[in-house]
Amino acid sequence: MDRRAFLGTLAGGLLAAPLVAEPQQAAKVFRIGLLGTVPLTEPGAARIWGGLFEGLRQLGYVEGQNIVFEGRFSEGSGETLAALGAELARLKVDVIVAAATAAHAAKGATAEIPIVVPNYGEPVEDGLVVSLARPGGNVTGLAGPNLVAKQLQLLKEVLPTLSRVAVLSNPAHPAHPRRLREAKDAAGSLRVRLQILEARAPTGLAGAISGAATRSASALLVLGDPMFFGERAQIVELAARARLPVIAIQAEYSEAGALLSYGIDQTDTFRRAATYVDKILKGAKPAELPVEQPTKYELVINLKTAKALGLTIPPSLLQRADQVIE
């Protein structure tokens, strides 16, 4: 069984059965709130959150003995996150672990309960923390760099004559305007023109992607978004019909048939988030726990898709891949 299959299996079962670890003496059963958009019934989300559960297990926490989880997931909708965050605050959980898309909802729900965010793009710029070194409030965690420029560079390695890239964005996502500005800056240096596609709901995906094909785009870059993640199979299928190579930020896209994925190893950042939870439960203040940077990234290449599109992946790129799907 490979690493990804193991983590998916682990994450899928952890909330249904006790974590396997040596019991430790604890005067209190800690309650951990989980807040996100994509529920744990979704295999990709289960794998990512499984990093947190595994990390806590390794630190000696046993579900039902010294820790319990209160999971609240909005089933892909951002509109109900505020209410779910408020619900966790009313439950007076000891710590809230919030996915990036739920970070502001968690912060808006409470100024007292510590909040750990395993992976957020620009927490200082977006007002989640005062600074990376001293967050200064009740939020801390890990912050990830922008990877759009690197993704465009990878596309250019596979397609040296690439001249136009379609970028799928969600106007409702607060970070996408910044991502599009960064993409435009990177495209200029790579001599690539961008075609911006917009979809606010799954029903808008077909029209957006078909529009890319009719305007001579040669590839599709999918920005990170919970709705896109949940609809990744549809996105990849629509792109395949239009013969558009796809690059996205999560490995699950490549597993669904995208040509490339490059992004932070989110399972690892969620595993590292467990150390923040542990420190907070032992008395540390989130205001004084520095926000850290990710250390692991994943490049996944789908050779089956490359063959279907008639593309040859450069050997140098294959050698750098963390996973090759054949």
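The values are calculated or read from the model by the stated rules, or taken from the named source; none is laboratory data. Just so you know, these numbers come straight off a predicted model, no measurement behind them. Cβ atoms come from the backbone with ideal geometry, glycine included; neighbour counts cover every protein chain shown.
Taking the options A105, A109, name whichever one is in contact (Cβ under 8 Å) with a residue 40 or more places away in the chain and crowded, with 21+ Cβ neighbours inside 10 Å.
Sole residue among the options that is in contact (Cβ under 8 Å) with a residue 40 or more places away in the chain and crowded, with 21+ Cβ neighbours inside 10 Å: A105.
Residue-by-condition table, conditions (1) hydroxyl-bearing (S, T, Y); (2) under 23 Å from the mean Cα position of the chain (by Cα); (3) surrounded by 17 or more Cβ atoms within 10 Å (Cβ to Cβ); (4) under 14 Å from G224 (Cβ atoms):
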site: N119; (1), (2), (3), (4): no, yes, yes, yes
site: G127; (1), (2), (3), (4): no, yes, no, no
site: L132; (1), (2), (3), (4): no, yes, no, no
site: G144; (1), (2), (3), (4): no, yes, yes, yes
site: V148; (1), (2), (3), (4): no, yes, yes, yes
site: T161; (1), (2), (3), (4): yes, no, no, no
site: R164; (1), (2), (3), (4): no, no, no, no
site: V167; (1), (2), (3), (4): no, yes, yes, yes
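Tell me which of these V158 doesn't satisfy, since it passes every other one: (1) within 24 Å of I301 (Cβ to Cβ); (2) modelled with pLDDT under 95; (3) touching a helix residue (DSSP H, G or I) at 6+ places or on another chain (Cβ under 8 Å).
The failed condition is (2).
Restricting attention to strands (runs of 3 or more DSSP E) lying wholly within segment 36-128, give those where 2 or more residues are closer than 23 Å to A287 by Cβ and hydrophobic (A, V, I, L, M, F, W, C).
95-98, 115-120
Inside segment 227-282, can you point out the residues that are within 16 Å of N119 (Cα to Cα) and touching a Pro at 6+ places or on another chain (Cβ under 8 Å)?
Correct list: I264, D265, Q266, D268, T269, F270, R272, A273, Y276.
So, in segment 268-285, how many residues would count as being polar (S, T, N, Q) and either within 16 Å of the chain's Cα centre (by Cα) or crowded, with 24+ Cβ neighbours inside 10 Å (or both)?
Of the residues in that region, 1 qualify.
Quick one: what pairs do we get from segment 42-53, first residue touching a residue at least 40 places away in the same chain (Cβ under 8 Å), second outside any helix (DSSP H, G or I) and among the charged types (D, E, K, R), C-beta under 9 Å, 6+ apart or different chains?
G51/D265; F53/E63
So, restricting to helices (runs of 4 or more DSSP H) that lie completely within segment 209-298, which ones have at least 1 residues that are under 25 Å from V192 (Cα atoms)?
226-230, 232-241, 251-255
If a residue must be of a type in the set (D, E, K, R) and either crowded, with 22+ Cβ neighbours inside 10 Å or within 21 Å of P177 (Cβ to Cβ) (or both), how many such residues does segment 233-267 contain?
1
Mind listing whichever residues of segment 301-313 are within 16 Å of A219 (Cβ to Cβ) and outside any loop (DSSP other than H, G, I, E, B)?
Once the filter is applied, which keeps residues that are within 16 Å of A219 (Cβ to Cβ) and outside any loop (DSSP other than H, G, I, E, B), segment 301-313 yields I301, N302, T305, A306, A308.
Take the residues in segment 125-160 that are touching a residue at least 24 places away in the same chain (Cβ under 8 Å) and of a type in the set (V, I, T); name whichever of them is farthest from R191 (Cα to Cα).
V139
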